[in-house]
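The values are calculated or read from the model by the stated rules, or taken from the named source; none is laboratory data. Not measured: the values here are computed from a predicted model. Heads up, the Cβs are rebuilt from the backbone with ideal geometry, glycines too, and the neighbour counts pull from every protein chain shown.
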Amino acid sequence: MSTDSAVFRVDFYRIGSVNEFVGASDWFPGRWAPAPAHPDGVAGHASPVVDWTWPTYEFQTPSQWAAGLYVAFFVEQDGVPYDPEDLRGFGREPFVLRPGVPGRAKILYKQSSFTRHAYNRSDGPGTERASSLYDNPVYIPESGAGPAGHKVSMHRPGGIGDLAYWDVPFVAWLERAGYEVDFCTDLDLHADPDLLSPYRLLLSVGHDEYWSTAMRAHVESFVESGGNVAFFSGNTCWWRVHVTDGGTAFIADTDHQVGEMYPHVPATDQWWTPRPHGVGLPENALTGVSFRNGGMWPGDWPGDRPRPGFTVQHADHWVYEGTGLRDGSGRGDADTLGAGLPLIGYECDGAAFSYNQNGVAVATGMDGTPVNFLILGIAILVPVHPDLHDLCMSRWNCASREPANTGPRAATMGIYTRNGTVFTAATTDWPVMVARGGDRALDRVTRNVLDRLSGAGPRPGRPRTADR
């Protein structure tokens, strides 16, 4: 904490159906510390690379606090009163309180902390410092401390707009709907190969772009041993990260700016790109879908966009149970899920597909998607612009993909089983639309996935550790 106030305190809230005040710290003496200068000499901007080494203070969480997702509000002596329901500003910091005995809840919610830190600009109230993996990024040459790539420290301040947009509304919905959920961060999943073993269902929510090799290996082992995953997320597992500095920073060789070069290629930490120019392990082998077959809607984030919803396929599948939706098989046009809502995007993922003789979209598997991936809903992305880096308004900007995949681009909601079951909503804003309510079928599909995949009963085996 860095402040010019003589004293400050911290107020704590547990996020749920309401943001519940659970306590406050005593008043601490305030100390001021500057932001470290940008290593490339970018005037007015701070370094995204190093631990800011601001003054630290300790607070012991009371034993009676329930496990969950929390937000700390930093309150200066003469500070402006804050609104505990407004989590978009600065002077706030989220954290996860893990359960003392994990596994009473059968659902583990993974907060996408690596993605949050990748986008964190380290701005402050009235201060634009603009340094991240996207704003004035810093490229580090290969060394004994880690591989070459863009680096960010996780010991930096910043806002929590991503958490306020995706996580907080969905966490509130989960509690209102009666689901008991434990929480973890990406770093927890990265560090602990046994983290998932007490649970039946892992949730990935919102924007889940940055994954380490260990994270992916632990989730794949979980699925192979019978665990289930629901990706209520998009742009999922797009970049690989290498955790460094004792778990306080990470490096990713991305296509972000290096000197005057943008895009910077090859970007060797792109999961799907074949070696040696990428990792060579397509993300859709795990998720079923990839951003390279989907796209993003440009403009002011999160931006308005087309609202077609998912055209329903296989309406007799348990995912659609109780929705009343039809797939058009002999009864006219197929229904759509979420039509009229900005459900698709702002970023979305898809599988390579073709249409069979009945006009049903079928995954080809040519891009790494499991051959038994069943496309349950499809949203054709039109109009499309082929270049992600040309942010042309009123177009879906799509990442590059294999030259052989010439079919239409679409967000593809779907499911497959590999001992465990993996469901993907294939869009970042699924949890936001569910939380807002007003679409009975979308609500029911979400409940069907949570109920079926978190169901009680023993799960065979334990996750096996893997090393890549």
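List of remarks:
Here is a yes/no grid of residues against (1) in contact (Cβ under 8 Å) with a residue 60 or more places away in the chain; (2) in a loop (DSSP other than H, G, I, E, B):
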{"site": "F291", "(1), (2)": "yes, no"}
{"site": "G303", "(1), (2)": "no, yes"}
{"site": "R307", "(1), (2)": "no, yes"}
{"site": "H314", "(1), (2)": "yes, yes"}
{"site": "L325", "(1), (2)": "yes, yes"}
{"site": "G328", "(1), (2)": "no, yes"}
{"site": "G332", "(1), (2)": "no, yes"}
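- For region 417-438, a residue qualifies if it is in contact with a helix residue (DSSP H, G or I) (Cβ under 9 Å, 6 or more places away or on another chain), surrounded by fewer than 19 Cβ atoms within 10 Å (Cβ to Cβ) and of a type outside the set (V, I, T), and the qualifying residues are R418, N419, R436, G437.
- Of all residues in region 285-325 being aromatic (F, W, Y) and closer than 15 Å to D349 by Cα, the one that is modelled with the lowest pLDDT: W297
- The number of residues in region 366-384 being out of contact with any Lys or Arg (no Cβ under 8 Å at 6 or more places or on another chain), surrounded by fewer than 16 Cβ atoms within 10 Å (Cβ to Cβ) and closer than 16 Å to G294 by Cα comes to 2.
- Residues that are surrounded by fewer than 14 Cβ atoms within 10 Å (Cβ to Cβ) and closer than 23 Å to P169 by Cα within region 71-91 comprise P81, D83, E85, D86, listed in sequence order.
- Inter-residue pairs, beta-carbon under 7 Å, first in contact (Cβ under 8 Å) with a residue 60 or more places away in the chain and in region 69-90, second among the small types (G, A, S) and not in a loop (DSSP other than H, G, I, E, B), 6+ apart: L87/A164; R88/G161; R88/A164; F90/G124
- Members of region 255-305 that are closer than 24 Å to S153 by Cβ, of a type in the set (S, T, N, Q) and touching a Pro at 6+ places or on another chain (Cβ under 8 Å): Q257, T268
- Lone qualifier among T268, T273, T244 - being free of Cβ contacts under 8 Å to residues at least 12 places away in the same chain, out of contact with any helix residue (DSSP H, G or I) (no Cβ under 9 Å at 6 or more places or on another chain), surrounded by 15 or more Cβ atoms within 10 Å (Cβ to Cβ) and farther than 18 Å from F423 by Cβ: T273
- Looking only at region 27-36, and only at residues there that are in contact with a strand residue (DSSP E or B) (Cβ under 7 Å, 6 or more places away or on another chain) and free of Cβ contacts under 8 Å to residues at least 40 places away in the same chain, the one that is surrounded by the fewest Cβ atoms within 10 Å (Cβ to Cβ): P29
- Checking G178 against (1) touching a helix residue (DSSP H, G or I) at 6+ places or on another chain (Cβ under 8 Å); (2) within 22 Å of R14 (Cβ to Cβ), the condition it does not meet: (1)
- Scanning region 276-315 for residues that are among the small types (G, A, S), surrounded by fewer than 21 Cβ atoms within 10 Å (Cβ to Cβ) and under 29 Å from A148 (Cβ atoms) returns G278, G280, A285.
- Screening P55 on (1) of a type outside the set (S, T, Y); (2) in contact with a His (Cβ under 7 Å, 6 or more places away or on another chain); (3) loosely packed, with under 15 Cβ neighbours inside 10 Å shows it passes everything except condition (2).
- Selection count, region 239-289, where residues are part of a loop (DSSP other than H, G, I, E, B), under 18 Å from the mean Cα position of the chain (by Cα) and within 22 Å of G407 (Cβ to Cβ): 6
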